[in-house]
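J.: If you scroll down you'll find the structure; I have some questions about it.
The values are calculated or read from the model by the stated rules, or taken from the named source; none is laboratory data. All values reported here derive from a predicted model rather than from experimental measurement. Cβ sites come from the backbone with ideal geometry, for glycine too, and all protein chains shown count toward neighbours.
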Amino acid sequence: MSSISKKICLIGDFGVGKTSLIRRFVDRQFSDKYLSTVGVKISRKSLEVTDSEQPKHLTLQLLIWDIEGSSKFKGISASYFQGATGAILVGDVTRPESLENLSEHLQAFLKVNPKGKVAIALNKSDLIDSEYLEKYRQIYSFSDDSSFVATYASSAKTGTNVDNIFQSLAHSII
């Protein structure tokens with residue numbers, strides 16, 4: 001069985017739940033305590049995936065870059081995107097301004113990685129009504145962009161769709 005490593009970035013405004021999504025996916029944990037990421041934090045997680053072009057299994061090691069969401073940091077963050085094959089753009093469904101910034105984050109990532117793949121996490125979905133979630137999912141589906149993978153309503157707290165986001169992005173980048 002062969003093994004490959006791929007870098008992915010979690011991008012979004014501060015406080016949208018990027019670190020919480022990573023902790024839920026990598027460590028299967030959630031904490032209500034808010035810890036602001038300073039600069040970048042890198043986590044690793046190995047997945048068993050099937051290569052769509054060949055019927056073989058391979059181990060994919062995701063190098064997950066948790067990038068600070070501060071607005072003063074935007075100029076520096078683009079350098080952290082270098083070499084990434086994918087990104088998860090995270091917005092907080094309880095803060096519409098964080099959702100409105102998703103297209104800006106998308107453009108910033110694709111400017112550095114024009115062939116990169118992108119999934120959208122509409123996080124904290126456990127805090128709003130499902131009718132609003134579906135509306136947001138339709139609005140923030142960048143399906144006209146070839147880099148787009150999917151949009152998920154997620155919750156790091158409950159675990160809803162967390163694995164699906166990372167798995168779908170992983171399959172799209174191999």
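J.: Looking only at residues in region 111-131 that are closer than 26 Å to HIS171 by Cβ and over 14 Å from the mean Cα position of the chain (by Cα), which one is surrounded by the most Cβ atoms within 10 Å (Cβ to Cβ)?
T.: SER125
This table checks each residue for (1) within 17 Å of the chain's Cα centre (by Cα); (2) surrounded by 10 or more Cβ atoms within 10 Å (Cβ to Cβ); (3) at pLDDT below 95; (4) not aromatic (Phe, Trp, Tyr).
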residue	(1), (2), (3), (4)
PHE30	yes, yes, yes, no
VAL38	no, no, yes, yes
LYS45	yes, yes, no, yes
THR50	no, yes, yes, yes
GLN61	yes, yes, no, yes
SER70	yes, yes, yes, yes
PHE73	no, yes, yes, no
ALA84	yes, yes, no, yes
ALA87	yes, yes, no, yes
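J.: Still on this structure, I have one more. Kindly indicate the residue of region 1-16 that is of a type outside the set (A, V, I, L, M, F, W, C) and touching a helix residue (DSSP H, G or I) at 6+ places or on another chain (Cβ under 9 Å) and also farthest from ASP126 (Cα to Cα) among those meeting that condition. Step through it out loud before you land on a result.
T.: Within region 1-16, the subset of a type outside the set (A, V, I, L, M, F, W, C) is 2-3, 5-7, 12-13, 15.
Okay, now just the ones that are also touching a helix residue (DSSP H, G or I) at 6+ places or on another chain (Cβ under 9 Å), so 6, 12-13, 15.
On the way: LYS6: 30, GLY12: 19, ASP13: 19, GLY15: 16 Å.
So, considering only residues that are of a type outside the set (A, V, I, L, M, F, W, C) and touching a helix residue (DSSP H, G or I) at 6+ places or on another chain (Cβ under 9 Å), the one farthest from ASP126 (Cα to Cα) is LYS6.
J.: Starting from region 64-79, take each residue that is farther than 18 Å from ILE22 by Cβ and hydrophobic (A, V, I, L, M, F, W, C) and list its partners that are exposed (fewer than 13 other Cβ atoms within 10 Å of the Cβ) and at pLDDT below 80, counting only C-beta distances under 7 angstrom and pairs at least six apart or across chains.
T.: none
J.: So which residues in region 150-169 are out of contact with any Gly (no Cβ under 8 Å at 6 or more places or on another chain) and either outside any loop (DSSP other than H, G, I, E, B) or without any contact (Cβ under 8 Å) to a residue 24 or more places away in the chain (or both), if there are any at all?
T.: Once the filter is applied, which keeps residues that are out of contact with any Gly (no Cβ under 8 Å at 6 or more places or on another chain) and either outside any loop (DSSP other than H, G, I, E, B) or without any contact (Cβ under 8 Å) to a residue 24 or more places away in the chain (or both), region 150-169 yields ALA150, THR151, TYR152, ALA153, VAL162, ASP163, ASN164, ILE165, PHE166, GLN167, SER168.
J.: I need the full set of residues from region 80-103 which are under 15 Å from GLY17 (Cα atoms) and of a type in the set (Asp, Glu), in order please. Walk me through how you get there before you give the answer.
T.: First, pick out the residues of region 80-103 that are under 15 Å from GLY17 (Cα atoms): 87-99, 101-102.
If the condition is that a residue be under 15 Å from GLY17 (Cα atoms) and of a type in the set (Asp, Glu), then ASP92, GLU97 are the ones that fit.
J.: Could you grab the pairs with beta carbons closer than 8 Å, sequence gap of 6+ or different chains, first residue in region 27-52 and among the aromatic types (Phe, Trp, Tyr), second one assigned to a loop (DSSP other than H, G, I, E, B) and at pLDDT 90 or above?
T.: Note: pairs meeting the criteria are PHE30/ALA156; PHE30/LYS157; PHE30/GLY159; TYR34/GLY15.
J.: I've got another one for you. Collect the residues in region 139-172 that are over 24 Å from GLY15 (Cβ atoms) and surrounded by fewer than 19 Cβ atoms within 10 Å (Cβ to Cβ), keeping them in residue-number order.
T.: Correct list: SER143, ASP144, ASP145, SER146, SER147, PHE148, GLN167, SER168, HIS171, SER172.
J.: Separate question: Report yes if some residue within region 104-120 is more than 24 Å from ARG23 (Cα to Cα) and touching a strand residue (DSSP E or B) at 6+ places or on another chain (Cβ under 6 Å); otherwise report no.
T.: no
J.: Only residues that are more than 17 Å from THR160 (Cβ to Cβ), touching a residue at least 12 places away in the same chain (Cβ under 8 Å) and not β-branched (Val, Ile, Thr): list them for region 128-143, please.
T.: SER141, PHE142
J.: Can you pull out the residues in region 102-149 that are among the β-branched types (Val, Ile, Thr) and either out of contact with any helix residue (DSSP H, G or I) (no Cβ under 7 Å at 6 or more places or on another chain) or not in a helix (DSSP H, G or I) (or both)?
T.: Hits for region 102-149 are VAL118, ILE120, ILE128, ILE139, VAL149.
J.: Follow-up. When you look at PHE142, is it over 17 Å from ILE174 (Cβ atoms) and in contact with a Leu (Cβ under 8 Å, 6 or more places away or on another chain), yes or no?
T.: Against the criterion (over 17 Å from ILE174 (Cβ atoms) and in contact with a Leu (Cβ under 8 Å, 6 or more places away or on another chain)), PHE142 qualifies.
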